[in-house]
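Input: a single structure, listed below in structure tokens.
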Amino acid sequence: MEKDASRAFFKRQEGEVGVYITVYDATAANPKAYGSEHFYFMELMEKLHEELSKGNFVKMRAALEQKGEFKGAYIERFEKGIVMAVGFDDIQALESVWKLHSTEKMNGLIQDLLINQALLKKLQATRIVLTTRMFEDEYTNCKNELLSRSMQRISIKTKQHDMELLQKLKNFQNQFNDDVQILQETEANFGKKLGEFMMVAKQILPVNMLKIKTVKEFETIVKVAKGTPRAAKKLEIIDKYFDIVKKLRSVLTEIEAAVCLPLLQMHKVCETERQREVKPQIQTLAKETLQKLRADADLQKVSHPGWAKRLLKSEHDLFLGLLSLVPIGTEAAFDINCLLDEYINDFPL
């Protein structure tokens, strides 16, 4: 171990490195409440560690994912000192984190990740500036451990946080089974009224309109139509469509929060080869379907083969993309439910 009197004690486990976090500067909301700056900093470090330890690691990991960082890495825990323990899938993940340190980008990343107004309020501070360190001996040891790591699967029971996340995934899926069934019934009922939908829509569309480009564009047309009393009474089927799309957006957004983000913190070493295939399938399907459901998404690029056959070709430019959102969103929810069930049940508990 590199000798450093200021280095916090870190109970490093195999395949881990520590990101050593120090309060470089801080301002108390009420400076007079503390006898000395030294005492304030000592107390602040203790309180900060306490808050970080009970923080939402899934949200932290998701924030890093959005920045394109920490791929294949996991926030394991925060030890006193403060040391953020980071675990890895492989050497590539280790190298990417080490590069953040060696290029001096880790400080800004950790500052943005951990310090926010809510935390400052809890810690009764108006300003906290963090600095980070990593140590080459830990990097070298971790690299050697990853090189010699057995390909044998590790039991998920050895990972407490993974077990907790798995239970949350199970709880979500128990409820989600019912939600998917309701979505399928709603899709089937709406599918019987496509003729009515198109007939009513044609009555309110501008005369020379050949294409509906986005859901937002269609919403604007409907909003204008609702300003005329005669048309407003006929738009119930249109409102039903918007309700379905809104529900699908809500369901897929919930899947991202309750499934896709927690999966980022599920250790690859505990998964089977099939689970490693299923996990990105779930994440990609949810992301791509939500993009199609966006109000500004290009409907001319959206098409459901089954529903395309139910429309005349002359109606495709106007209605195929718009209507295809219903079966595409519903089928995505169904497929994700099946994949999630497979992922969960592949853990031998």
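Tabulated data for the structure shown
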item: Pair list, Cβ < 6 Å and 6+ apart or interchain, from region 270-295 residues that are farther than 14 Å from residue 345 by Cα to residues that are of a type in the set (D, E, K, R) and not in a loop (DSSP other than H, G, I, E, B); result: 286/256; 293/249; 295/216
item: Test result for residue 65, part of a helix (DSSP H, G or I), of a type in the set (D, E, K, R) and within 19 Å of the chain's Cα centre (by Cα); result: yes
item: The lone exception for residue 46 - which of (1) farther than 21 Å from residue 125 by Cβ; (2) open to solvent by 50 Å² or more (accessible area, probe 1.4 Å) it fails; result: (1)
item: Residue list for region 183-210, restricted to those being without any contact (Cβ under 8 Å) to a residue 60 or more places away in the chain, in contact with a Lys or Arg (Cβ under 8 Å, 6 or more places away or on another chain) and among the β-branched types (Val, Ile, Thr); result: 200
item: Subset of region 84-125 that is charged (D, E, K, R) and either closer than 18 Å to residue 59 by Cβ or in a strand (DSSP E or B) (or both) - its residue that is nearest to the chain's Cα centre (by Cα); result: 112
item: When residues of region 154-175 are limited to those that are touching a helix residue (DSSP H, G or I) at 6+ places or on another chain (Cβ under 8 Å) and among the charged types (D, E, K, R), the one surrounded by the most Cβ atoms within 10 Å (Cβ to Cβ); result: 162
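Let's see how each residue does on (1) open to solvent by 60 Å² or more (accessible area, probe 1.4 Å); (2) closer than 24 Å to residue 52 by Cα; (3) touching a residue at least 60 places away in the same chain (Cβ under 8 Å):
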site	(1), (2), (3)
92	yes, no, no
110	no, yes, yes
119	no, yes, yes
124	yes, yes, yes
133	yes, yes, yes
136	yes, no, yes
152	yes, no, no
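Residue by residue, here is whether (1) modelled with pLDDT under 95; (2) of a type in the set (Asp, Glu); (3) more than 33 Å from the chain's Cα centre (by Cα); (4) within 30 Å of residue 345 (Cα to Cα) holds:
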site	(1), (2), (3), (4)
167	no, no, no, yes
180	no, no, no, yes
191	no, no, no, no
199	yes, no, yes, no
202	yes, no, yes, no
208	yes, no, yes, no
213	no, no, no, no
217	no, yes, no, no
230	yes, no, yes, no
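The values are calculated or read from the model by the stated rules, or taken from the named source; none is laboratory data. Note that this is a predicted model, so its numbers are computed, not measured. Using ideal geometry, Cβ is built from the backbone for each residue, glycine included, and neighbour counts are taken over all protein chains shown. Areas reflect the complete protein model, heavy atoms only, side chains present, ligands, DNA and RNA absent. Shrake-Rupley method; radii C 1.70, N 1.55, O 1.52, S 1.80 Å.
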